[in-house]
Structures are given as C-alpha cells and as structure tokens.
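Laboratory data are not the source of any read-out in this text; all were calculated from the coordinates shown. As the structure is a computational prediction, the values presented were derived from the model and not from experiment. In this analysis, Cβ positions are derived from the backbone assuming ideal geometry, glycine residues included, and neighbour counts consider all displayed protein chains.
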C-alpha cells in the first residue's frame, strides 16, 4: 500500500478537498477493467459516471485521437477545421436533429441550452426581456456552475455560492400535475433528466415524459432533456426519452460523446431554436475543436458498430433481475433502466459507502450516490460473464 498511500497523501496536500473518493489509485485501464498502482485488478462499475460507455481506451477512439493529434489539435472557431462538420453531421443524423452546437463539458452544454431557451422565449415566443422562466425538477443534477446550482434543491450544492441566478421554478420530479400548474405565460422551457442519475437513479412513473412533451407542445414551451448521463445507449435505448413518445426540442449530450478520452458535449435542436444564436452570441475556444470532433466521431461509430445500445438493454435487464433475486435484507429497492442501476440501502443499515468499500476490496469499483444508493453503471462493452463475476462479489456483500 506504500505507493497508494504516497499518491493519496499528495492529493490531500495539494488538491482542494472537494471530492471523497474511494482509497484507490488507478494506474491503467483496458475495456471494463482497471489496475491500481499496486497491480491489483478491478472491474469498473462506475464508468466515470457514464463517460466510459465504450470502455477504457477503446482502440478505435484512441486511434482517432492519435491520428488527429498528429495533424492539428486546435484551431478555435475563428477558422474552420476539417473534422467538426463531419462529426456534427454524423451526430445530427444519428439523433434526428437539424443542428448541433458543440461544447466541451456537460455543464457547458446545459448553460448553452439555458441561454438558447431564454433568447428563444424573447425573440420567438415574445416573453418580455428578463422575464423568461425555466421549470426544473427537484433533486436535479445538471452541473456545478453558479447558474446551475441556482436551481439545485441540494443544500450542499448551494451553500455559500449565492447570490443566485433568478428565473427558475422547481417542481417535484415525476409529478405531471405539479408541472402543469407551474407553467405560466412567461415559461420558456422545461429542463429535466429522463432518469435522475446523481439523484439516486430515480426513474419517473410511466407516462411522465410523454406528459412533459404534451404540456410543452400545448403551451408553446421548449422541452429540454439532459441526457448527459442517460444518453448514447446507457439505458438500453440510444436516449432514455425513447422509452416514451417524448422527443425533446433540445437534447443535451456530453460524457460518452467523448468516448472517455476527451471532453466533448453538445446541445442539439431544431433550426427554430438554434437560429437564435448569431455570430458573437455564444462560443467556446475548445468547443468543436479538431481533436474533440475526431474523438466524438469515433465514439459514435463504436456505439453503432458494436451494438452497444442493444447490449445495454439485454444485459441491463439480466443484471437488474439478478440483483432483485438476491432478496438482500439490506436492500430497499433496485431500480434503473439498461446498465444504469441503483441499489438503495435501507437507512437502518447505514449509508451505501461501506458497501462500496467492501466491494472495492473484492475487486469491484462502484460509488454511492445520495448517501443510500449504490450505482452500478459499467461500460456497455461488458460481457454476460463479467456481469456474472460481479454478481458473485455483490452477493457476498449484500447477503
């Protein structure tokens, strides 16, 4: 443990104390497996919060990264580059949207969507300037910027970071009636996650996303879905909204769009929404850069070529059913879709953290979310045999 302790000591000395990681130092990764600095092997059941849907260091994605790095990595949007247009065309055709605006991180893509909705409300819907309201859901997680934490309902995410950005109305997640009552003449958009990942893998009642879509349409309001964690195959559909008739006006993507090797995000929308932006209205030095675009293109191709969406659906169903059959005395509920699964621990047995620590000791890496939920979200490249291996370890800890 000498090397592990040494690395952790340096982090504790020189890094801000804004994370509470498990006491492991990862040195390398391959597919669904990672290795620590002591040479121990672990199955990654977190996938960097769904950024590694294609697995660690996928050969095709790394190849695209290296090939592009040998030519040009950054031009800024002051000039055109040869990879961005091809990437965005692929992204739009794959998702069914007219246009995409490339950014880097998920939070940047959310901020872009918020700006688009507010300006659309002004210039297209006629809401008075600075009066536009966006409805959000309680227990949401859309990022960490000041504007985004302004509409968080998690006290820790907000404490000390005010004053906050106005213009947001919060309603209970999954409550269609509360959503309908919150819409006013100044409402410009509804922003939601189809499944709340950070909130504890919370799946809304059947029909809720359809209700959102219907309300948005009938009230001339934009439906904006944050599929940064749920998108690109994670839930067993290309996008989680496809479980219902709920295609959003604005789709927000990130994480797995960069294949786990480079930050790539995007906001996708119709011409009607996207043309509120003119030159100089919004931008990003790195957004749409040649390196990110080449990586994003490869990341999308891997999802298609390896049928990762279908794999996530089938293996997710198998994994969830096996967890439910354990009938653990510690478990309150198993929930999720595809390979995004939450196992909630009964409060009387303490938090989920000790369970995650014990699983780590057995060679399986996962992380607690919202104190009481263990999140299982392996790379979509995982095999049935690897899931069976992990189920043996989980059974030991939950029995």
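Key figures
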quantity: Residue 180 versus residue 73: modelled label distance in nm, points set 7 Å from Cα along the beta carbon direction; calculated: 5.4 nm
quantity: Neighbour-count order for 234, 144, fewest beta carbons within 10 angstrom listed first; calculated: 144, 234
quantity: For the chain, built as a Gaussian network whose Cα springs stay under 10 Å, the top-fluctuating residue of 64, 266, 299; calculated: 64
quantity: Over the chain, relative contact order from alpha-carbon pairs under 8 Å, at least 6 apart, %; calculated: 23 percent
quantity: Stretch gain in nm, segment residue 304-residue 392, where the contour uses 0.36 nm per residue and the Cα spacing is subtracted; calculated: 28.6 nm
quantity: Helix axis angle, 106-120 relative to the chain longest principal axis, alpha carbon, degrees; calculated: 20 degrees
quantity: Alpha-carbon centroid distance for the pair segment 328-354 / segment 171-189, whole angstrom; calculated: 30 Å
quantity: Kirkwood hydrodynamic radius over Cα pairs of segment 35-191, then Stokes diffusion coefficient at 25 °C and 0.890 mPa s, in µm²/s; calculated: 127 µm²/s
quantity: Cα-projected label distance for residue 17 with residue 353, points at 7 Å along beta-carbon direction, nm; calculated: 1.2 nm
quantity: Relative exposure of 161, 286, judged by other C-beta atoms within 10 Å (fewest first); calculated: 161, 286
quantity: In degrees, nearest ten, helix 59-69 long axis to first principal axis of the chain (Cα); calculated: 60 degrees
quantity: Three-way shape call for segment 1-41 based on the alpha-carbon gyration tensor, with the a/c threshold at 1.5; calculated: oblate
quantity: Likely footprinting exposure, 399, 328, 265, fewest C-beta neighbours within 10 Å first; calculated: 399, 328, 265
quantity: Separation between Cα centres of segment 18-33 and segment 283-310, rounded to whole Å; calculated: 23 Å
quantity: FRET E, pair residue 124, residue 169, Förster distance 25 Å, beta-carbon r, rounded to 0.05; calculated: 0.80
quantity: Length gained when the stretch residue 214-residue 272 is fully extended (0.36 nm per residue, less Cα-Cα span); calculated: 19.0 nm
quantity: Anisotropy class of segment 272-368 from Cα gyration tensor, a/c 1.5 cut; calculated: prolate
quantity: C-alpha long axis of helix 208-218 to longest principal axis of the chain, angle in °; calculated: 10 degrees
